[in-house]
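Scroll down for the structure; my scribbles are underneath it.
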Amino acid sequence: MIALPRRKSGLEPSSALNQVNYQDDDGNYEQEVDQTAANMADEAKQPENDQDDNSKLTRVDAVPRDSLYEPNKPFRYVYFPETAVASILTVLEDGTESEVATIGYEGMVGLPVFLGANRSSGRSFWQVPGEAYRLPVKVFKKETNRNGALNGNISLYTQVFFAQIAQTVGCNRMHNVTQRCARWLLVTHDRVPGDEFELTQQFLSQMLGIRRTGVSEVAGKLQRAGLIRYRRGRITILNRKRLEKTSCECYRVVRSEFDRLLGAEVNRK
């Protein structure tokens, strides 16, 4: 996988991201890499006239709402966000969607593939624009079959991913919308390179499971308190410490699990 640079928010990329090989333009597997994402992008990038992108680790530009996988459709790729952020959602029969997990540069999209499944009942799309890498499923399986260190690291990430989902279920049931909104903003802030990121009212209402009017109310409350600035579909975190105090304990519980299992060195703003 990819050795990514530290983000200011403190979450470390999973050590699993140092373990995937890639193929050169002649189709030969290179040695394991331990370098920055920028170098990896240069070396893994395909020539424009190369038609075979089914055996390469390739860089992609993430566009909000672009689908990564759909309910009950076979996985084609697994994804490793760099500056982009992805959402994992559960989908009900009436089409209602609810976010259950957020994935940034510390993890990967496509864990069901690692666990032996070829599809999921949920769906995933890009939440915040940025850059990411994708790897074809068949290549990812080949890597996991031969690479014990990779398997171990992804197993640890799987544990914290499930912890995030479990905590989200309890959070959605027990905590008020202001606490949940603060938690969601912190989780996203952890995974972006700066203090500002793109976020529309419609998207946040879907993530929190509330009406857009409710989003306006809670965002206005946080803005008046000086915790955030929200204008024209963009959020700026102004006071992270107070935002953490406004959030419920669910943020701290999941963050502690990430730190414990993935060895993140915390450097909160």
Of all residues making up region 178-215, the number that are closer than 11 Å to residue 127 by Cβ and without any contact (Cβ under 8 Å) to a residue 24 or more places away in the chain:
1
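Residues are listed down the side, and each one gets a yes or a no for (1) β-branched (Val, Ile, Thr); (2) surrounded by fewer than 17 Cβ atoms within 10 Å (Cβ to Cβ):
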position	(1), (2)
116	no, yes
121	no, yes
134	no, no
154	yes, no
203	no, no
206	no, no
Restricting attention to region 208-234, which residues are surrounded by 16 or more Cβ atoms within 10 Å (Cβ to Cβ) and either touching an Asp or Glu at 6+ places or on another chain (Cβ under 9 Å) or of a type in the set (A, V, I, L, M) (or both)?
208, 210, 215, 218, 219, 222, 227, 228
Residues of region 202-226 being at pLDDT 85 or above and within 23 Å of the chain's Cα centre (by Cα), which ones?
219
Note on region 75-97: residues touching a helix residue (DSSP H, G or I) at 6+ places or on another chain (Cβ under 8 Å) and surrounded by fewer than 16 Cβ atoms within 10 Å (Cβ to Cβ) are 76
Go through region 184-207 and count every residue that is within 12 Å of residue 130 (Cβ to Cβ) and charged (D, E, K, R).
2
Checked 158, 144 against criteria (touching a helix residue (DSSP H, G or I) at 6+ places or on another chain (Cβ under 7 Å), of a type in the set (Ser, Thr, Tyr) and farther than 16 Å from residue 88 by Cβ); the one match is 144
Scanning region 134-158 residue by residue, those within 18 Å of the chain's Cα centre (by Cα) and farther than 15 Å from residue 79 by Cβ turn out to be 153, 155, 156, 158
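Residue-by-condition table, conditions (1) modelled with pLDDT under 90; (2) more than 25 Å from residue 61 (Cβ to Cβ):
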| residue | (1), (2) |
| --- | --- |
| 105 | no, no |
| 115 | no, yes |
| 120 | no, no |
| 123 | no, no |
| 137 | no, no |
| 141 | no, yes |
| 147 | yes, yes |
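The values are calculated or read from the model by the stated rules, or taken from the named source; none is laboratory data. Everything numeric in this text was worked out from a predicted model, so none of it was measured. As a convention, Cβ positions derive from the backbone with ideal geometry for all residues, glycine included, and neighbour counts pool all protein chains shown.
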